Every structure is written in structure tokens, then in C-alpha cells.
Amino acid sequence: MIQKEEQQIIEVCKRFDIRGEYQSYEIINSGHINSTYRVYYLREGNIKDYILQKVNTYVFCDPIAVMENISSVTEYIRAKIKQKQATAKRNVLHYSKTLEGEYYAIDENGGFWRCCRYIDDSVSFTQTDNIKVIEESGIAFGEFQLYLADYPVEKLNIVIPHFHNTINRYAALRAAIEENQAGRVQEVQDVIDAYFAVEEIATKPYRLQKEGVLPLRVTHNDTKTSNILFDAHTFEHLSVIDLDTVMPGLVAFDFGDAIRVAASTAEEDEKDLNKVALDMQKYEAFTRGFVRTVKNSLTDAEKKSLSLGAIAMTLECGARFLTDYLNGDKYFRIHYPDQNLVRAKCQLTLGQDMIAKLAEMEKIVEKYFNEE
Ligand code: GN1
Ligand code: MG
């Protein structure tokens, strides 16, 4: 018997211009915000698969603005890639239009859906120990930066204002403590204190931007490893995905958020904190790929800020998990009751380890900027 969820998926797919016969679907659980499904169709004897997503409109209150950014940015990147190679088929996403010609469909309950072709023969990783893949990740996000370097920034909708405003994120943590909505403040006082002990360094890149030292560029703003697709056989990078948060930002934040995930010894929600640290070999691999790619496009201040960006992004993300835990888990999807606290403690441990290793991290960045 077809269950309610499947029925809904079939109905939504009918709204998009997908040819062929529906076969099946599976849930993809790696994101914390949107609901993602992989849907299989049979067309002329071949299986064609699609990524169908229900956008979280609590987080993205203007999803049409999100889709405007995504369609415009993907077309921009497609044109850039076509200038240097014959086809961009597997290097950029293809969003499907509805029969009415929109990039989204709204269901009978107001749910907001979008659909894109699954890139053939591609894989993604939430975490990997494969150094080649980590270096490729650095190249992928570096290229993304270069593709959008001359994108007209005034065309971008600010879909989540103050997204990487670390000062605001700390203010939200203070408000959550004050409100204590879920009654959890007392039990995590030590974690809260530890977050405030590193506030100064966590907010430093944002302050440097405010002071005009670091420029705003068009950035991805959610550069975790799982947001890159690789060729399933060669592990070469194909495309950067999840363009929901493309907005003006700091290059140090795209570098830093990627390091938070790609160069960690553990998953984002590792419970055993003894297993959580910055892996310097992974850090060097990502840095090598990224810096070699963006080398000629950064200011001196930006170059110096990259390692600090990793500290800021790790602690900011952790502070957001802690804030959500105190607010009663309204923002990030959780799979067990105290997962947001586990995530917050893990990111804190990683951030503290980065602080201890900052000088070493900076040296590695410098090495790749200075190589011939
Ligand atoms: C969220 O759901 P996902 O993986 O796209 C969040 C990011 C966080 C990330 C932490 C819009 O991203 O900012 O860094 O979780 N996205 C939003 O894993 O808040
Ligand atoms: Mg995202």
C-alpha cells in the first residue's frame, strides 16, 4: 500500500515536468533543515533519479527569494564553466521547472517544494579520511569562490539576514539563556561558560569585516563536505550543491566552515570528546586545494584571516546548536533528544583544539600562499 508520504511525493513530482513512470523514493538524512528525497523514475528503459526537497519555511521565510538566488547563481556558474569546457552537464545542478514554468511547487498545505536532476554517477561524503577527496574539496570551494567573484552582488536576496554575524549569534545565545524556554540552562552552565570564554576570538573575523579590514564577497556560507558532489569512480569534484545560503560573506567563513567538517577527526555530533580534534594532515590537504585555487584573488588581510575563520565558524555553529538546545530544538532537526547539546559540546572541543593549534594552522596557510 502506498503510504501518505509517498503519495505526497508522487503528487508533487507530477507538478514538475518529469517524464517517465514513478518507481520509488528514499529519504536522504544528511541535512538539518530541509527534507530531502531521492526519487526514481523509469524513462525509455532507463532509471532517472531526481532530488526532491521540501524547503523548511521556518528557516527560509521567503523561499521564492531563495529560488531566485539559486537559479540565477546556477545559470551564472553554468555559463562560466561552458566558457572553459564543452559541457557543464555534471558540474552544476539542473533544477526542474513546473508545468507553469516555476522552479517550485506549493502543495495543498502550503509546503514549498523544488526538484533537480540527480547528477549521474556522483557521490558525497559527510566525513572522509581520504586525503585526495579532502584536497579536491578545497579545490571545489575555491573554484566556487572564483566563479562568483564578479557576480553582481546587488542581485542577491539576503535570505537569512545576519547569517554569519557571530556577534548576533552570541546575542541569541544570551537571549536563550535569559528566556530559558526549555528549562535546560542550569544543567549546561559549564558548556555555556566555556562558550563565553572563547567569544572574543570567535567574533574576531566578523569584527574585522565591520571595521572594513575584511571585504565581503559572494560566498556559499554552508561549505560542509556533504555539499560537494564527486565522481563516484575517480573522486574528482563535480559540483558544489546546497546553494540556499549563497549571500555576501567572508572568504574566511567558507574556508573555515569547510575546515570545521573536512579536517575534524570526528563527526559533527561525536559524543566521545576524546576523539574530537583538528587533524592537521586533513587541514593541510584542504588548505592546499583551496589556497592553490584562490591564490591570486585574495587580499593580504583575507589570507591572514583564513585560519581564524575556521575557529569562528566552528564556535559559531556550536553556539547555534547550544542556543537551539536551550530554546527547545526548534531550528535544527534532531534524531535523539539531546543531539543539539552533543553537537554543541563537540564543536566546542574542536574549536578549542583549533585555538591551541592556530599558529600551526597559519603557518600552513602561509606555506601555500608563498609556494612558487
Ligand atoms: C545547517 O541543513 P544543512 O546541512 O544545509 C545550517 C548550517 C549549519 C549546518 C550544521 C540554513 O545546514 O548553517 O552550519 O546545518 N543551515 C542553515 O551542520 O541554518
Ligand atoms: Mg545548507
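The values are calculated or read from the model by the stated rules, or taken from the named source; none is laboratory data. For clarity, every value in this text was computed on a predicted model and none was experimentally measured. Glycine also receives a Cβ, built like all others from the backbone with ideal geometry; neighbour counts cover every protein chain displayed. SASA here: full protein model, heavy atoms, side chains in, ligands and nucleic acids out. Shrake-Rupley method; radii C 1.70, N 1.55, O 1.52, S 1.80 Å.
Examine region 79-87 for a residue that is open to solvent by less than 50 Å² (accessible area, probe 1.4 Å), more than 30 Å from TYR331 (Cβ to Cβ) and among the β-branched types (Val, Ile, Thr), and state whether such a residue exists. So far as region 79-87 goes, yes, one or more of its residues are open to solvent by less than 50 Å² (accessible area, probe 1.4 Å), more than 30 Å from TYR331 (Cβ to Cβ) and among the β-branched types (Val, Ile, Thr).
Pairs meeting the criteria (first residue in region 252-266 and within 15 Å of VAL365 (Cα to Cα) and in a helix (DSSP H, G or I), second residue open to solvent by less than 10 Å² (accessible area, probe 1.4 Å) and within 14 Å of ligand 2 (Cβ to nearest atom), beta carbons under 6 Å, at least 6 apart or on different chains) are PHE253/MET313; ASP254/PHE141; ASP254/THR219; ASP254/HIS220; ASP254/THR223; GLY256/MET313; ALA258/PHE141; ALA258/THR223. Here GLU316 fits the description: surrounded by 22 or more Cβ atoms within 10 Å (Cβ to Cβ) and closer than 25 Å to ILE139 by Cα. Among the residues of region 145-189, just one is β-branched (Val, Ile, Thr), over 13 Å from MET247 (Cβ atoms) and touching an Asp or Glu at 6+ places or on another chain (Cβ under 7 Å), namely THR166.
In region 156-175, the residues that are within 13 Å of ligand 1 (Cβ to nearest atom) reach residues that are among the β-branched types (Val, Ile, Thr) and in a loop (DSSP other than H, G, I, E, B) with C-beta atoms within less than 9 angstrom, at least six apart or across chains, in these pairs: VAL159/THR245; VAL159/VAL246; ILE160/VAL59; ILE160/THR245; PHE163/THR245; HIS164/THR245; THR166/THR203; ARG169/THR203.
This table checks each residue for (1) within 16 Å of ligand 1 (Cβ to nearest atom); (2) more than 27 Å from VAL153 (Cβ to Cβ); (3) in contact with a Ser or Thr (Cβ under 7 Å, 6 or more places away or on another chain).
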site	(1), (2), (3)
ASN34	yes, no, no
LYS54	yes, yes, yes
ARG78	no, no, no
GLU100	no, yes, no
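One residue stands out among those in region 242-273 that are among the β-branched types (Val, Ile, Thr) and away from ligand 2 (no atom under 16 Å from the Cβ): the one that is nearest to ASP150 (Cα to Cα), which is VAL251. Scanning region 28-44 for residues that are surrounded by fewer than 14 Cβ atoms within 10 Å (Cβ to Cβ), on the phi < 0 side of the Ramachandran plot and at pLDDT below 95 yields ASN29, SER30, ARG43.
Being away from ligand 2 (no atom under 16 Å from the Cβ) and at pLDDT 95 or above, is that true of even one residue in region 63-70? Scanning region 63-70, I find at least one residue that is away from ligand 2 (no atom under 16 Å from the Cβ) and at pLDDT 95 or above, so the answer is yes.
Take the conditions of a type in the set (Val, Ile, Thr), open to solvent by 40 Å² or more (accessible area, probe 1.4 Å) and over 17 Å from ASP244 (Cα atoms) and apply them to ILE47. Does it pass? Considered against the rule, which asks whether it is of a type in the set (Val, Ile, Thr), open to solvent by 40 Å² or more (accessible area, probe 1.4 Å) and over 17 Å from ASP244 (Cα atoms), ILE47 comes out as yes. Would you say THR128 is part of a loop (DSSP other than H, G, I, E, B), more than 16 Å from LEU243 (Cβ to Cβ) and open to solvent by less than 70 Å² (accessible area, probe 1.4 Å)? Judged against the criteria, THR128 is a match.
Of the helices (runs of 4 or more DSSP H) lying entirely inside region 171-216, those containing at least 2 residues that are exposed (fewer than 15 other Cβ atoms within 10 Å of the Cβ) are 189-197, 204-210.
For LYS304, the criteria (1) at pLDDT below 95; (2) more than 16 Å from ligand 2 (Cβ to nearest atom) hold in every case but one, which is (1).
Once region 217-230 is narrowed to residues that are assigned to a strand (DSSP E or B) and touching a strand residue (DSSP E or B) at 6+ places or on another chain (Cβ under 6 Å), the residue that is surrounded by the fewest Cβ atoms within 10 Å (Cβ to Cβ) is LEU229. The test for being more than 16 Å from ligand 2 (Cβ to nearest atom), in contact (Cβ under 8 Å) with a residue 40 or more places away in the chain and in contact with a strand residue (DSSP E or B) (Cβ under 8 Å, 6 or more places away or on another chain) does not hold for SER239. Within the group GLU102, GLU108, GLU154, GLU143, which residue is within 21 Å of PHE235 (Cα to Cα), open to solvent by 10 Å² or more (accessible area, probe 1.4 Å) and of a type outside the set (A, V, I, L, M)? One residue alone meets the criteria, GLU143. The criterion of being out of contact with any Cys (no Cβ under 6 Å at 6 or more places or on another chain), assigned to a loop (DSSP other than H, G, I, E, B) and in contact (Cβ under 8 Å) with a residue 24 or more places away in the chain does not hold for ILE64. Starting from residues that are part of a strand (DSSP E or B) and among the small types (Gly, Ala, Ser), keep the ones in region 73-125 and report whichever is nearest to ASP242 (Cα to Cα). That would be SER122.
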